[in-house]
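The values are calculated or read from the model by the stated rules, or taken from the named source; none is laboratory data. Please read these numbers as outputs of a predicted model, since none were measured by experiment. Heads up, the Cβs are rebuilt from the backbone with ideal geometry, glycines too, and the neighbour counts pull from every protein chain shown.
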Amino acid sequence: MNNSYWFAYVDLISAYGSTGQLEQAREVSAALSKLRPDFSVQGHRQFTYAYSSNPQYRREIDDIWKG
């Protein structure tokens, strides 16, 4: 795994959060914060929304954030 590929951290945090594995989600979140101290949910949401205006795509992105 390429530890510098920070997008994977976002998905992993979401997966852990969605399945109730909150301690693991916190650990990965801490690792993401070290890798990308400027990361924010709002900033990433704006970035992903700018990528596509497709409603289905945006619903799926929102599901990731719910995790």
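See the values below:
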quantity	calculated
Leading residue by the ranking (nearest to K66 (Cα to Cα)) among those in segment 17-39 that are part of a helix (DSSP H, G or I) and charged (D, E, K, R)	R26
Neighbours by Cβ (under 6 Å, 6+ apart or cross-chain): first from segment 42-57, within 17 Å of D11 (Cβ to Cβ); second in a helix (DSSP H, G or I)	T48/I61
Selection from segment 1-16 of residues that are over 10 Å from G67 (Cβ atoms) and without any contact (Cβ under 8 Å) to a residue 24 or more places away in the chain	M1, N2, Y5, F7, A8
Segment 44-56 - residue that is in a helix (DSSP H, G or I) and modelled with pLDDT of 90 or more and, of those, nearest to S4 (Cα to Cα)	A50
Every residue from segment 1-16 that is within 21 Å of I61 (Cβ to Cβ) and not in a helix (DSSP H, G or I)	Y5, W6
Segment 57-67, residues that are in a helix (DSSP H, G or I) and surrounded by 14 or more Cβ atoms within 10 Å (Cβ to Cβ)	R58, I61, I64, W65
Matching entry among A50, A8 (being more than 13 Å from the chain's Cα centre (by Cα) and of a type in the set (A, V, I, L, M, F, W, C))	A50
Scope segment 13-43; condition within 18 Å of N3 (Cα to Cα), out of contact with any Phe, Trp or Tyr (no Cβ under 9 Å at 6 or more places or on another chain) and of a type in the set (V, I, T); matching residues	I13
Candidate set: segment 40-52, residues that are over 18 Å from K66 (Cα atoms) and of a type outside the set (F, W, Y); chosen: the one surrounded by the fewest Cβ atoms within 10 Å (Cβ to Cβ)	A50
